[in-house]
């Protein structure tokens with residue numbers, strides 16, 4: 001009888017030590033896009049701004065710059081941005097951190113942020129469609145801040 005009690009006690013201890021009261025760790029880290037994912041030409045598809053979808057030059061948005069944003073010749077460190085409505089064609093160095101693309105100044109003061117875009121579709125990014133939310137612009141021109149661009153890789 002004593003042996004049976006020891007056997008039951010040993011089995012009970014084994015069951016307690018092999019099971020856990022903690023829930024499994026299901027927290028997944030957010031998908032982080034790298035500069036290598038962005039290399040290429042990204043063409044404007046649409047802009048959603050002020051509850052309106054724009055797919056090309058729109059006279060109601062004529063006061064704004066970068067309404068038809070293209071990221072052309074994007075490398076791991078620089079990009080040429082174009083706007084069909086107000087041709088820009090300027091090259092900017094950029095950084096990418098926490099899914100935020102920051103375009104930097106080429107003129108003095110060098111390296112200061114000029115534009116910031118948040119990658120809106122980082123969780124569903126498939127390498128062909130890029131959704132960017134215009135976060136900030138540091139100059140005094142009018143930009144579609146908080147507008148969401150959809151760009152398609154060429």
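The values are calculated or read from the model by the stated rules, or taken from the named source; none is laboratory data. On a predicted model such as this, the values are computed, not experimentally measured, just so you know. Note that we place each Cβ from the backbone using ideal geometry, even for glycine, and neighbour counts take in every protein chain shown.
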Subset of the range 77-97 [farther than 19 Å from residue 138 by Cβ and either touching a helix residue (DSSP H, G or I) at 6+ places or on another chain (Cβ under 9 Å) or in a loop (DSSP other than H, G, I, E, B) (or both)]: 77, 84, 85, 87, 89
Strands (runs of 3 or more DSSP E) wholly inside the range 1-76 containing at least 3 residues that are surrounded by 14 or more Cβ atoms within 10 Å (Cβ to Cβ) and either over 37 Å from the mean Cα position of the chain (by Cα) or at pLDDT below 90 (or both): none
Test: residue 102 is surrounded by fewer than 18 Cβ atoms within 10 Å (Cβ to Cβ) and either more than 18 Å from residue 146 (Cα to Cα) or in contact with a strand residue (DSSP E or B) (Cβ under 8 Å, 6 or more places away or on another chain) (or both): no
Within the range 77-105, considering residues that are in contact (Cβ under 8 Å) with a residue 24 or more places away in the chain and over 21 Å from the mean Cα position of the chain (by Cα), the one farthest from residue 44 (Cα to Cα): 85
Qualifying positions in the range 107-121 - under 20 Å from residue 41 (Cβ atoms) and in a loop (DSSP other than H, G, I, E, B): 120, 121
Residues located in the range 41-65, provided they are more than 19 Å from residue 120 (Cβ to Cβ) and free of Cβ contacts under 8 Å to residues at least 40 places away in the same chain: 56, 57, 58, 59, 60, 62
Members of the range 127-142 that are at pLDDT 95 or above, over 17 Å from residue 80 (Cα atoms) and out of contact with any helix residue (DSSP H, G or I) (no Cβ under 8 Å at 6 or more places or on another chain): 128, 129, 131, 133, 135, 136
Members of the range 132-154 found to be outside any strand (DSSP E or B) and either in contact (Cβ under 8 Å) with a residue 24 or more places away in the chain or buried (at least 17 other Cβ atoms within 10 Å of the Cβ) (or both), listed by number: 138, 139, 141, 142, 143, 144, 146, 147, 154
All positions within the range 106-124 that are touching a residue at least 12 places away in the same chain (Cβ under 8 Å), farther than 17 Å from residue 79 by Cβ and crowded, with 16+ Cβ neighbours inside 10 Å: 120, 122
